Ligand SMILES: Cc1cc2nc3c(=O)[nH]c(=O)nc-3n(C[C@H](O)[C@H](O)[C@H](O)COP(=O)(O)O)c2cc1C
């Protein structure tokens, strides 16, 4: 059986640092039985050496639940993938989209878009160490690079390393010049780039993210992609998940 078939990523709530902690996720689960939930990003070193009970434990009610990890050391990432599996997480997701300076300094997040070979090695190590899906959340480009060819070849490297599911925040990462907060609204979203990725790679699961809030927007994205991930609008208005769950079949 395809392990990916057990969970649905048709609608998911984005990982949000200092927001989607276990209490928020438990609360969101009261609004929606089926939505896929993600933890805040956890650095590999914290997951391995930190207080695991405090950092990684969750309530069974939160499932289906993915652990998002930040890192670029393949041994550490493989270890965290195994920890995630052992703790019952449904997915391990690598953060390749955060532009913050601190995250760049530690060599994780969006700066890894510049290192496709390293990312492929990391994904391969994670895939080999666990049996849960290994997925990636990334941007459509970075700094001066917003090219379909670059993005598509980055995705192909990750696919060849064993990932089948990609969450694409449809806005490029600005590694310099903008704060991470500004980079959540600037530059402009480019949904067509994400649609094109799905069109060219029908066998991959492509989840679109960025600026989505309304049911009709979700329905439109679902004509082009396999799922929609929603961040801020659900954090600001959790009750909107009730309508989203009612209106959009999770199948
Ligand atoms: C407060 C906040 C914290 C975030 N933390 C993370 C994170 O830990 N990992 C990650 O991949 N993205 C993080 N993001 C980005 C979101 O997951 C998402 O990609 C972004 O907000 C765009 O989606 P939206 O327009 O629906 O909010 C964060 C965003 C916000 C607003």
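The values are calculated or read from the model by the stated rules, or taken from the named source; none is laboratory data. It should be emphasised that the depicted structure is a prediction, and the values quoted were computed from it without experimental measurement. Because the Cβ atoms are built from the backbone with ideal geometry, glycine has one as well, and the counts that use them run over all protein chains shown.
Quick notes on this one:
- Of all the listed residues (75, 149), the sole one being more than 12 Å from the ligand (Cβ to nearest atom), within 20 Å of residue 41 (Cβ to Cβ), more than 18 Å from the chain's Cα centre (by Cα) and surrounded by fewer than 22 Cβ atoms within 10 Å (Cβ to Cβ) is 75.
- Among the residues of the stretch 220-237, those identified as in contact with a strand residue (DSSP E or B) (Cβ under 9 Å, 6 or more places away or on another chain) and not in a strand (DSSP E or B) are 221, 222, 224, 225, 226, 231, 234, 235.
- Here residue 181 fits the description: within 24 Å of residue 101 (Cα to Cα), out of contact with any helix residue (DSSP H, G or I) (no Cβ under 9 Å at 6 or more places or on another chain) and free of Cβ contacts under 8 Å to residues at least 60 places away in the same chain.
- Apart from one condition, residue 40 fits all of (1) surrounded by fewer than 23 Cβ atoms within 10 Å (Cβ to Cβ); (2) away from the ligand (no atom under 13 Å from the Cβ); the exception is (2).
- Pick from the stretch 158-183, criterion more than 23 Å from residue 10 (Cα to Cα) and surrounded by fewer than 17 Cβ atoms within 10 Å (Cβ to Cβ), ranking: farthest from the ligand (Cβ to nearest atom): 160
- Hits in the stretch 209-251 - residues which are under 16 Å from the mean Cα position of the chain (by Cα) and free of Cβ contacts under 8 Å to residues at least 24 places away in the same chain: 212
- Of the residues screened, residue 87 is not one that is within 16 Å of the ligand (Cβ to nearest atom) and over 16 Å from the mean Cα position of the chain (by Cα).
- Scanning the stretch 12-26 for residues that are within 16 Å of the ligand (Cβ to nearest atom) and assigned to a helix (DSSP H, G or I) yields 22, 23, 24, 25.
- When residues of the stretch 209-219 are limited to those that are in contact with a strand residue (DSSP E or B) (Cβ under 6 Å, 6 or more places away or on another chain) and not in a strand (DSSP E or B), the one farthest from the ligand (Cβ to nearest atom): 218
- Boolean, residue 206 is assigned to a strand (DSSP E or B), under 20 Å from residue 116 (Cβ atoms), at pLDDT 95 or above and under 16 Å from the mean Cα position of the chain (by Cα): yes
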